[in-house]
Amino acid sequence: MNNYKYFEQEGNKYHLKTQFVFIGFIGGLFLIGGLALVFTKGMTDKANMWIGIGMAVLGVMSLLRLTAKTTIDMQSNQILMKRSFFSSEVAYSLDNFETFLVSRTVSLFGLTMNGAGSMVMNINGKEKILLLNHSIFTIKPLNDMVNEALHIMKIED
């Protein structure tokens, strides 16, 4: 049995670990900041109230990402994605797999501000991008996660 940093193995299924600290911090920051804005400045200014409500909604949407599940099932040769608690699980065949995509947003000063690790699928001639993980300030963890997934999928070692 292999020890993976980003995946938990359960037989022939590999579950992508949830980023509790990162997602919880970002979601909590937006939720608390939005509610604080609504109940302070928003009490006297409608514009600030709507900005605060928007921030709080974004925070809740981010926190819902904590309930997302991504599983690579090598027995059925599928990747199983569940975006949140409220959505149903969707299966994608690994036969449609094209590549992994690690992208980053770089600021004016050359700092990596945001990174995203995704899986690119070709389903009936249409490109489908499945988001796997996020990072800030570096993309090294995303590259490591992709390398683990490639190893699991027996594409590269």
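Only the coordinates and a few stated rules stand behind these numbers; no lab work does. Keep in mind the model is a prediction, meaning the values are calculated, not measured. In this analysis, Cβ positions are derived from the backbone assuming ideal geometry, glycine residues included, and neighbour counts consider all displayed protein chains.
Quick notes
- Whole-number percent relative contact order across the chain, with pairs defined as alpha carbons under 8 Å at least 6 apart: 16 percent
- Neighbourhood net charge (12 Å Cβ-Cβ; Lys/Arg +1, Asp/Glu -1) for Gly52: +1
- Computed on the Cα atoms alone, the convex hull of the stretch 19-67 gives a volume of 42 cubic angstrom per residue.
- Look at where the Cα atoms of the stretch 1-57 and of the stretch 91-143 average out, and the two centres are 19 Å apart.
- Cα-based reach from Lys13 at 25 Å (exclusive), listing lysines while leaving out same-chain residues under 8 positions away: Lys5, Lys69, Lys82, Lys128, Lys140, Lys154
- Label corresponding to Cα extents along the principal axes in Å when calculated from the structure given, among (i) 53, 31, 26; (ii) 59, 39, 36; (iii) 72, 27, 24: (ii)
- Listed peptides 82-92, 33-43, 97-107 appear in the order 33-43, 97-107, 82-92 once ranked by packing, highest mean of other Cβ atoms within 10 Å at the front.
- Share of alpha-carbon pairs per 5 Å distance bin for the stretch 64-157, given as whole %: 3, 13, 20, 22, 21, 13, 6, 2, 0, 0
- Relative contact order %, the stretch 19-67, counting alpha carbon pairs below 8 Å whose residues are six or more apart: 48 percent
- Student exercise, the chain dipole from Lys, Arg, Asp, Glu Cβ charges, in Debye to nearest 20: 520 debye
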